[in-house]
Amino acid sequence: MSSYLKKISSFLSNHKGLVLIVTAALLLQLVSAVQFFYTHKMLETELGKRAESELRMKAIIIKGMLNTMENTLKEHLWDVKHHLNQPDSMFEVTQRIIMNNPEVVGSFLAFTPDYYPEKGRLFEPYAYKDDDGIHVKELVSEGHDYDKNPSFQRIQQGGKPSWSDPYVFEEDGKEKQLVTYSYPLYDDKGRQATICGIDISLEWLGDTLNANHIYPSSFNLLLTESGELASRPSSDQVDSDDVDYIVRLINDSTVSRSKSESGHSTVIRFEDKNGNNASVYFANMKNKPHWQVAVVCYDKEVYGRLRLMGINMIVLMLLVLGILGIIFRRFLLNERRLSKAREEKGRIDNELRIATAIQNAMLAHEEGLASRPDITVSASLKPAREVGGDLYDYFIRDEKLFFCIGDVAGKGIPSALIMAMTQALFRAVADKENNPAHIVQAINTSGCRNNKENIFATLFIGVLDLPTGRLRYCNAGHDIPVVIDGEGVTPLPVKSNLPVGLFNDFHFELQEATIAKDATLFLYTDGLSEARNNSHKQFSEKRIMKVLDLSRHDSPKDVIQKMAQEVRQFVGEEEQSDDLTMLAFRYSPITDDYIQHGEVTLKNDVSQLDNLHNFLKSVAEKIHMDTSTTRNIRLAVEEAVVNIMDYAYPAGTEGIIKVKAMSNTKCLKLVITDYGAAFNPTEAARADTSLSAEDRPIGGLGIFLVRELMDSINYERSEGKNILTLKKKTPFNTSKENDPDNTANVGDSET
């Protein structure tokens, strides 16, 4: 036994490297397992936060819709009261209530018993919609005595409006799932005259709840306070049996459930009939009606990538064990040096492949702008080694194209690290900043920090406003871009400035230019102009301009391909000495003609909002906009205007705000202009809707609503003016804009 232990001890002492490798491999697997566990826990926590955020937002949407319906009824109370002395006109009143409100399918007036003696003890005019139009009738019959209805008695005695629980109503042999809002109305003598009510179909509410989800297979449910199903997703989305099973789980008090980490919702884990594990988060709405909102999330989407990572970890573990076996065998065969050399080479090659893949993944791709008809992009990056120090990036935010190109001094991994940091800083800063000079300044400040090696980078950053073609840019010692348009090939007027990373206090200058329609902007690094052939001659800027002149009518992709081909022919068999990067944009703005719908001028006073509402209402009537879209646009414009009133002008200072409306067959565009202090709402921090109302700081929700309700938002500061442009994509009937009588689809409800 002792001799056996001596052999083991001798082996370990003679092969310390092998022991270290085995120990490191085991530690790596342990770290991977711990990482897997904590990642799973993190995803579970994130799921809870996202689910509660979904519940909160759906509750806000439901409450907002219910408030809109309440306001719809309140707007017609004056009509009812005005015609109380004309009982026969009440049928027409109920018609008017539902005429311009798509979500309202029925309206009734349940008069106090004996209020109209000539009509009998009970009198209840009722109007309802179906596929044939709007119909009216008297609901009172032997089988319908509303005076005995508990809901009628409760509202009559309490004198307060209320929502009913969802119920099924049968009309002409057709069943509809409805919810009713009732409001008591008093006449001029203070006597309760009638209870006004509107019936709302829950079908549109279910469609709204399930319009967007946190995961593709997630869906939402709406239940009453007592747990009855009020709204479900369509059968095309979710199996009805699964929905019924989830409702039974929520109502079964014996089912195991738990509170979320925040305590704001309840969670039930379950398995559907297909064996898929899932979670349902549900909570009651705070204010009346206390309906329950639920969201269902499936594990296969929440933890799918993590499971894939686990499989990869197992494969990697097996691979590592296999490599360890090979290394162990080589140790036993006394091929220590050869084994170490191969291992080191494999590690370096693998790291270089990973570094190359990571670097390529960091670069922007043309597919990101495939859906934009107004901008075409193409790019090429060819490093001199496995990894390089050149970079380019681009993305679109708030109708602006942000782009950059740069060249880090040096080559290899050090330059690649600086390249990755620079590109990450560009993305982080440009996500909230529109001024290219400020973006360069922020990158320079970070690059100068602890820069003991004096590594610097040339950089060119531009911001192109897509609606106007206004290009703002800042150069930091980079090669001058070239503009290719109908006039020829022209270098962009550029001030050189210094590269970033040299002096922390250097001031970078902002420049502006206008990019013409169908013009191409070509950018490159010095690896193009300084490419050498076997005679040590450079490709030169002169050759670049010549190739571009011959490619004036080509697409960005063809321009770059032709340039790359010319460089290859020029260099021949000579080894590439520097990274070579090219980036080209073709600007093709949309030229759809807009029809002007007028302009309203407001003072910076909230009392002016009535003028704004009247203006937007007139625009909606001209273009025959539906009620829902009208309501969303009114809310977005009002939030934007109030934001300007609050921030553009100093307190006590009178200023003006102009709102101009125009449209074409594709969208409605609203341009809001003020002459106050420069304030870019698109750069404001976005509100964290995952926080509760008590924990969320004041501000930010207004611009959040504008972003959610409108399809695009764009800000420009020009000639001392703040110009905010909002667009809503929707098919408008502009051919009828001069038809004042055609107002059937125009929304009249308040925002």
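The values are calculated or read from the model by the stated rules, or taken from the named source; none is laboratory data. Remember, it's a predicted structure, so these values are computed and weren't measured experimentally. Here the Cβ is made from the backbone with ideal geometry for all residues, glycine too, and neighbour counts use every protein chain on show. Side chains included, ligands, DNA and RNA excluded: accessible areas come from the protein's heavy atoms. Shrake-Rupley method; radii C 1.70, N 1.55, O 1.52, S 1.80 Å.
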Extreme residue, most open to solvent (accessible area, probe 1.4 Å), among residues of the stretch 72-127 that are under 46 Å from the mean Cα position of the chain (by Cα) and of a type in the set (Val, Ile, Thr): Val105
Criterion: farther than 23 Å from Arg154 by Cα and among the aromatic types (Phe, Trp, Tyr) - qualifying residue of Phe123, Phe36, Phe111: Phe36
Single match in Asp393, Asp407 (criterion: open to solvent by less than 10 Å² (accessible area, probe 1.4 Å), part of a strand (DSSP E or B) and of a type in the set (Asp, Glu)): Asp393
For Tyr473: the one exception among (1) open to solvent by 10 Å² or more (accessible area, probe 1.4 Å); (2) under 32 Å from the mean Cα position of the chain (by Cα): (1)
Candidates Lys495, Lys452 - the one that is of a type in the set (Lys, Arg), free of Cβ contacts under 8 Å to residues at least 40 places away in the same chain and in contact with an Asp or Glu (Cβ under 6 Å, 6 or more places away or on another chain): Lys495
Selection from the stretch 19-43 of residues that are touching a helix residue (DSSP H, G or I) at 6+ places or on another chain (Cβ under 8 Å) and open to solvent by 60 Å² or more (accessible area, probe 1.4 Å): Leu28, Phe36, His40
Unmet criterion (only one of (1) surrounded by 24 or more Cβ atoms within 10 Å (Cβ to Cβ); (2) of a type in the set (A, V, I, L, M, F, W, C); (3) more than 30 Å from the chain's Cα centre (by Cα)) for Leu459: (3)
Out of Ala420, Ala428, sole residue that is open to solvent by 50 Å² or more (accessible area, probe 1.4 Å), among the aliphatic types (A, V, I, L, M) and either in a helix (DSSP H, G or I) or in contact with a Cys (Cβ under 8 Å, 6 or more places away or on another chain) (or both): Ala428
Residue within the stretch 704-718 that is surrounded by 17 or more Cβ atoms within 10 Å (Cβ to Cβ), modelled with pLDDT of 75 or more and farther than 21 Å from Asn632 by Cα present: yes
Hey, Val387 under 26 Å from the mean Cα position of the chain (by Cα) and either at pLDDT below 90 or closer than 30 Å to Asn680 by Cβ (or both) or not: no
Candidate set: the stretch 128-180, residues that are open to solvent by less than 30 Å² (accessible area, probe 1.4 Å) and among the β-branched types (Val, Ile, Thr); chosen: the one farthest from Ser201 (Cα to Cα): Ile155
Matching strands (runs of 3 or more DSSP E) fully within the stretch 131-222 where at least 2 residues are touching a strand residue (DSSP E or B) at 6+ places or on another chain (Cβ under 8 Å), under 19 Å from Pro289 (Cβ atoms) and not acidic (Asp, Glu): 167-171, 174-186, 192-201
Only listed residue being closer than 30 Å to Arg121 by Cα and within 32 Å of the chain's Cα centre (by Cα), chosen from Ile246, Ile200, Ile214: Ile200
Odd one out for Pro216 among (1) at positive phi; (2) touching a helix residue (DSSP H, G or I) at 6+ places or on another chain (Cβ under 8 Å): (1)
Residue within the stretch 606-616 that is closer than 30 Å to Pro481 by Cα and within 31 Å of the chain's Cα centre (by Cα) present: no
Options Arg631, Arg586; residue that is in contact (Cβ under 8 Å) with a residue 24 or more places away in the chain, out of contact with any strand residue (DSSP E or B) (no Cβ under 8 Å at 6 or more places or on another chain) and open to solvent by 20 Å² or more (accessible area, probe 1.4 Å): Arg631
Criterion (within 24 Å of Trp163 (Cβ to Cβ) and of a type in the set (D, E, K, R)) met by exactly one of Glu271, Glu228: Glu228
Condition check for Lys300: loosely packed, with under 15 Cβ neighbours inside 10 Å, over 29 Å from the mean Cα position of the chain (by Cα) and modelled with pLDDT of 85 or more: no
Matching residues in the stretch 504-523 - criterion: being within 17 Å of His438 (Cβ to Cβ) and in a loop (DSSP other than H, G, I, E, B): Asn504, Asp505, Phe506, His507, Phe508, Glu509, Leu510
Search result, residues across the stretch 254-308 that are over 18 Å from Leu209 (Cβ atoms), of a type in the set (A, V, I, L, M, F, W, C) and not in a strand (DSSP E or B): Val255, Val302, Leu306, Leu308
Odd one out for His290, checked against (1) of a type outside the set (Lys, Arg); (2) over 17 Å from Glu52 (Cβ atoms); (3) open to solvent by less than 20 Å² (accessible area, probe 1.4 Å): (3)
Exclusive hit being in a strand (DSSP E or B) and either within 17 Å of Leu391 (Cα to Cα) or open to solvent by 10 Å² or more (accessible area, probe 1.4 Å) (or both), set Val489, Val494, Val440: Val489
The listed residue being touching a residue at least 12 places away in the same chain (Cβ under 8 Å) and either farther than 20 Å from Asp393 by Cα or open to solvent by 80 Å² or more (accessible area, probe 1.4 Å) (or both), out of Leu528, Leu523, Leu548: Leu548
